[in-house]
Structures are given as C-alpha cells and as structure tokens.
Amino acid sequence: MADLIVLLAGNAAAASVLLNAGVAKLVSPVPLGRALREVLPAHRQVLDRLARSGAIGRFAGVAEVIAALGLLPATTRMPAAIATAVLGGAFAALGTAGLLRRSVKPCGCFGMASNQRLGATNIVVGLALVLLAPLNAVATAAAGSEAGYEQAIVMLTSLGALLLCLWLHRRAARNAWNLMRTIRQRGEVQ
Amino acid sequence: MIPVVFGFVLLVLVIATIVLFAMMAELSSRVPGREVANRWARPDEQVQLGVSPATWPPGVVRQRDKDRGIVLVLSPLCESCALVAVQLAADDGEWRDVTLLISALDEQRGLAFINEHHLGRFSWHVDEGGQWVSQNLGVNASPTALVFGQGRLREAYSFNDLPALRAELEKEGSGNKLARKEVV
C-alpha cells in the first residue's frame, strides 16, 4: 500500500508538472529557443533558425505532454517514466548550462507564466524527474491492481495539474477573482 | 469503469483550463503594458554639446575617435538605471559597442552594480562621485546617453528605455544635434 501511495504521488506530481510545462510551450514556443540559443552559443546558427520558428518549444511541448499522458495508464507508465527521466536529465543539464553561463533570458519553461531563467530550479526539478524511472521500476511488482492505479492517478493528476496551473497563473487568477467580486458587488448595488 | 471515464473527462477539462491560462498569459505578454507609455528618450538640453574633455577615463577613451561612439551613463542609485541594466544584460549584441560609465559614490558600489546586472561583457568604467562626467561634460543625471564623434560630444539624450533610445539615435543619426545647437 505504501508503495502504491509513493508511486501515485510521484507519477501524479511529474505528470502535473509535465502537462503544465508541455501545454504552455505549445502555446508559447519561442522563449525556450531563445534561452537555448543563449546557453548553447556553439550551436547558435542552427538554434537561431529553430528559435524563430518555435520548433524547439513545440517539440519539447509535445514530448512533455506525451510523457505526462503516458504516466496515466498502468500499461505505459514504465516507458513513460523512462521518457520522463530522459526529459528530467535534459532539464538538469540545461539548468546547469544556464547557471554556468549566467543566463538572463526567460526560459519559457512554463510559457509566458513565469520569467524564470535556466538555472537551479531546472536542476532540482530535472533531478526529481530522473528519480521517476527507478521509482516506477521498484514499485512495479508491489503496486497492486492496475485499475486502482489508473482511477487514482487520473484524479490526482487532474487535481495536481489544476493547482499548479492556478499557482503559476496566480496573478491572472487573482485578477479574475477580483473582477468577479466587483461585478457581483455592482449587481448587488443595482 | 465509470470512475475512469469521469476521471478522463475531468483531465480533459483541466487540460482545457491550462490551455486557456497559457493563452491568456501569451496574449497579455503581447499587449503593451501601461509602462510602455512611460518609456522615453529625448535630447538632453542641459548638456553642453561640442565640448572635448581634456582627459578620458580608460574604457571611455575607445569611444573618443569613433564617428559615433556611445557612452551610457548609469548609476546604482537610480531606478531607471536598474531597468536599463536589465535590458543591457539581455542584449543580443545590438549594444555591444557601447561603453558604460557607472557614476557611483565609490568604485566598490560601481563594481557591485556591474556584477549584480551581469554587465561585465561591456566596456565599462566606474566614475567615482560622477566627477569626470559632471566636470567635463556637465552631466548630472542618469541614465544619459552621450554620443561622441572625433573627440567631441555630439549628442546627449536622457532616456529610461533602450529601444526608445535606439529609435531616438536613429532619428538623430546624422549628428545634426551639434550643428543645430551651434547655429542657435
């Protein structure tokens, strides 16, 4: 039971992060290319073209969404966990490059929701995602029924992704909330 | 079966919500904010044009003999300078030839400003107490952009935004500011 809880928590958290990051990059693909161009100057010419078209951001976004959705069915969670670990390794490597090169451009990791640069946060999140592969490998035998896993992971991922989305866009969410309150108050006055 | 279907419907709704918020963030990043109206660059009428300083600090001297050498005067104390420094740090190379003259109380504070904003890749000089820039050129405000040509101060601008300064520099690009002032 404890194994199942750890597995659910780990996979739901990873899927929530990847869903938010992936969808945001599909909507706003350009910043990631710009940040990569900054931290990988050796490949600047190639990255210049790709950054302008947003191809890098879109590719990363699709990979993240596929990995996130792959963690949900019990039958695909192991390959998805390996893909997530590979993505995590890439995040950590880029975070290290950003830290070493003192990156100043927003990475667009969560689209336009944050102005964060490639750095320590990417390293921490990346390394946490790398741990997902061994976690899934260890918990495979002890995780219990597939149906129980799928029911719980979908609900947990939905909840986690929604909370993370609201936190990332907390300013917009607060503004929307204040706007609704103002409209309601005006309605009461009239 | 029903809980699984319900779960996936919920997940689709959550993904739709994430898309909606991401699109809102993208759209709001494309709409110029209120502060855009407050971004400006204009000729600084207080600065005396045409003067040729007797001494040139290291770093600034490389702008002396250019046709259009640009020196940006910044100070750790002014808020606009910090915003300009952030823009410089994110620069792709458009401003790589400028020299930064950091007008600070002492060298340590000037260095801290350079390090804090990662401006080390630019040519820079810390002007302690702003002595050189005020005594030789009469500049007492920052941020200020000084344009030198053949050893003389040709143009001077007050500004708080690099793109606005670039637009102003291109508008006045022929160096006619000095000619106009001398005629007057």
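Points worth noting:
- Any hit, the range B:51-66, residues being crowded, with 17+ Cβ neighbours inside 10 Å, assigned to a strand (DSSP E or B) and not basic (Lys, Arg): no
- Verdict on A:Ser28 being more than 19 Å from the chain's Cα centre (by Cα), polar (S, T, N, Q) and closer than 30 Å to B:Arg121 by Cβ: no
- Out of A:Ala137, A:Ala173, one residue alone is under 23 Å from B:Leu11 (Cα atoms), at pLDDT below 95 and in a helix (DSSP H, G or I). It is A:Ala173.
- Per the conditions (1) β-branched (Val, Ile, Thr); (2) within 14 Å of another protein chain (Cβ to nearest Cβ); (3) out of contact with any Leu (no Cβ under 7 Å at 6 or more places or on another chain), the sole criterion not satisfied by A:Val46 is (2).
- Taken over the range B:98-115, the residue count meeting the criterion of being assigned to a loop (DSSP other than H, G, I, E, B) and at pLDDT 90 or above is 1.
- Members of the range B:5-23 that are within 45 Å of the chain's Cα centre (by Cα) and either facing another protein chain (nearest Cβ under 7 Å) or farther than 17 Å from A:Leu18 by Cα (or both): B:Val14, B:Ile15, B:Thr17, B:Ile18, B:Val19, B:Phe21, B:Ala22, B:Met23
- Those residues of the range A:1-11 which are of a type in the set (A, V, I, L, M, F, W, C) and open to solvent by 10 Å² or more (accessible area, probe 1.4 Å), in sequence order: A:Met1, A:Ala2, A:Leu4, A:Ile5, A:Val6, A:Leu8, A:Ala9
- Residues in the range B:27-42 that are surrounded by 16 or more Cβ atoms within 10 Å (Cβ to Cβ) and modelled with pLDDT of 85 or more: B:Ala41 alone.
- Taking (1) within 20 Å of B:Asn140 (Cβ to Cβ); (2) outside any loop (DSSP other than H, G, I, E, B); (3) not aromatic (Phe, Trp, Tyr) in turn, B:Ile18 satisfies each apart from (1).
The values are calculated or read from the model by the stated rules, or taken from the named source; none is laboratory data. It should be emphasised that the depicted structure is a prediction, and the values quoted were computed from it without experimental measurement. So basically every Cβ, Gly included, is an ideal-geometry build from the backbone, and we count neighbours across all protein chains shown. The accessibility values were calculated without ligands, DNA or RNA, using every heavy atom of the protein model including side chains. Shrake-Rupley method; radii C 1.70, N 1.55, O 1.52, S 1.80 Å.
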